[in-house]
Amino acid sequence: MAKKLSRLDFQEMKIKGEQCAWVTAYDYPTASFAEAAGMDMILVGDSMGMVVFGYDGTVPVTMEQCIMMTQAARAGARNTWLIGDMPFMSYHTSVGQAIGNAGRFIKEAGADCVKLEGGVRVADKIKGIVDAGIVVMGHVGLTPQSSAALGGFRAQGRDAASARAVIEDALAVHAAGAFSVLVEGVPEEITSFLTRKLPIPVYGIGAGICDGQVQVVGDLLGMFTAFTPKFAKKYANLAEIETKAFKDYISDVKSKQYPAEEHKYHMLKGEGEALKKLFEEFG
Ligand code: KIV
C-alpha cells in the first residue's frame, strides 16, 4: 500500500513541480475507487448539495450531512488525505463556532483537514482554526456559498479590480496560516501569478494550470447531468451506463429472466418429504 501523504508531501510536490490530482467523493465506494486509483487527496465537498442531494446550490448543506458523508468517504479511503468541507454558516458567526465545527470534522469524521471559502473576510476564522492545531485549505475566487453575493456562479478576477480582490484573498488565506489554497473560476493569468507568488500549494478548478487540479466527481464520471461547468472534463458517462443497467434490470424482471437459476436458493437434499408434509399442513 502506498504511503499516506501528509501536508509536507503536498508542499514537497509543489517544490518539485509535481502536479497533485484530487477529486470530490461523498461515499464509501467512490472514495475507495479514488484511493485505489492513486488519487493524491479527496475532498468531501459541499458540492454534495447538488451532486447527492439534488439542491440548486451548496447553501442548504448542513454540518450533519457533511460529517456523515465525510465518515463514509473515510471508511472507503483510510489511506488518503481527506478534506472536510465546511458548509455555509458553519464558520461565519464567530471564531469559536469555526473552531468547534472544524474540530468535528477531525474528531467525528476522521478528516485530515478542513476547507472553507473566502479570503480577507474569513482570515480570522482560518487563523483561529489553525491555532487550534487543525490544518486548513482556503478557497477563493468563485466561492459557491456566496454565489448570490457574486451575482451567480460566475468566473471571478476577469478585470483588474476583481483580480485584485482574488489576489488579496489568496494572500490573506496564506497569511492566516492555511497550508494550501484552492482557486476556483479564475483566469489562468491570475492563478499562475499566485502559484509563483505563494509558497503554499495553489490548487485549481476552472483556474488553469497551477500546483494541482480538483474536479467534482459527478462531472468527472458523468453522473451529474443538471449542468456541466465549462471547466469540467468528463472521463466516463455513468449516467448512461447506470440508466442502461436499470433498463436491462427492469426488462429482466418483467420477463422473469431475473432471477435466473444461479441467483436462487433451493431446499437441502433429502428435505423433499418433510417439505411436502409442511405444505400439506398449511393447506
Ligand atoms: O465542494 C466542492 O466540490 C468544491 C469544489 C469547488 C471542488 O469545493
> Classify the stretch 53-132: rounded, prolate or oblate, from the alpha-carbon gyration tensor (a ≥ b ≥ c, eigenvalue square roots; a/c under 1.5 rounded; otherwise prolate if a/b is larger than b/c)?
Replying inline: oblate
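Taking N as the number of residues in the stretch 241-281, what is its Cα Rg relative to 2.2 N^0.38 Å?
1.84
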> Which values, in whole Å and largest first, are the semi-axes of the equivalent ellipsoid of the stretch 12-147 obtained as the square root of 5 times each eigenvalue of the Cα gyration tensor?
Replying inline: 22, 18, 15
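Using a/c under 1.5 as the rounded threshold, could you call the stretch 102-204 rounded, prolate or oblate? The axes a ≥ b ≥ c are square roots of the C-alpha gyration tensor eigenvalues, and prolate needs a/b larger than b/c, oblate otherwise.
Working: a/c = 2.09, a/b = 1.57, b/c = 1.33.
It is prolate, given that a/c is not under 1.5 and a/b is the larger ratio.
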>> Taking 2.2 N^0.38 Å as the expected size of a compact globular protein, what ratio does the Cα radius of gyration of the chain give against it, to two decimals?
In response: 1.25
> If you plug each phi of the stretch 198-211 into the Karplus form 6.51 cos²θ - 1.76 cosθ + 1.60 with θ = phi - 60°, what whole-Hz ³J(HN,Hα) values come out, in order, with x for Gly and Pro?
Replying inline: 8, x, 8, x, 10, 9, x, 9, x, 9, x, 6, 8, 8
> Separation of the stretch 166-209 and the stretch 71-95 by C-alpha centroid, Å?
Replying inline: 20
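Return the subset of Lys3/Lys115; Lys16/Lys197; Lys197/Lys234 for which the Cα-Cα distance in this structure is over 26 Å, preserving the input order.
Flagged as over cut-off: Lys197/Lys234.
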> Among the lysines, which have Cα under 23 Å from the Cα of Lys264 when same-chain residues fewer than 8 positions away are ignored?
Replying inline: Lys247, Lys254, Lys256, Lys276, Lys277
>> Give me a comma-separated list of calculated 3J(HN,Hα) values for the stretch 89-106, in order, Karplus coefficients 6.51, -1.76, 1.60 applied at θ = phi - 60°, integers in Hz, x for any Gly or Pro.
In response: 6, 9, 9, 8, 7, 6, 5, x, 4, 4, 5, x, 6, 4, x, 4, 4, 7
> Taking only DSSP H segments of four or more residues, each worth -39500 (n - 2.57), what value at 222 nm results for the chain once the sum is divided by all its residues, to the nearest 500 deg cm²/dmol?
Replying inline: -12500 deg cm²/dmol
> Longest segment of the chain with no GluC sites (Glu not before Pro) in a DSSP loop having at most 15 other Cβ atoms within 10 Å?
Replying inline: 109-270
> What chymotrypsin sites (Phe, Trp or Tyr not before Pro) in the stretch 87-134 are in a loop by DSSP, with at most 12 other Cβ atoms within 10 Å of the Cβ?
Replying inline: none
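Laboratory data are not the source of any read-out in this text; all were calculated from the coordinates shown. Quick caveat: nothing in here was measured; it's all calculated off a predicted structure. Don't worry about glycine lacking a Cβ; one is built from the backbone with ideal geometry, like all the others, and counts go over all protein chains shown.
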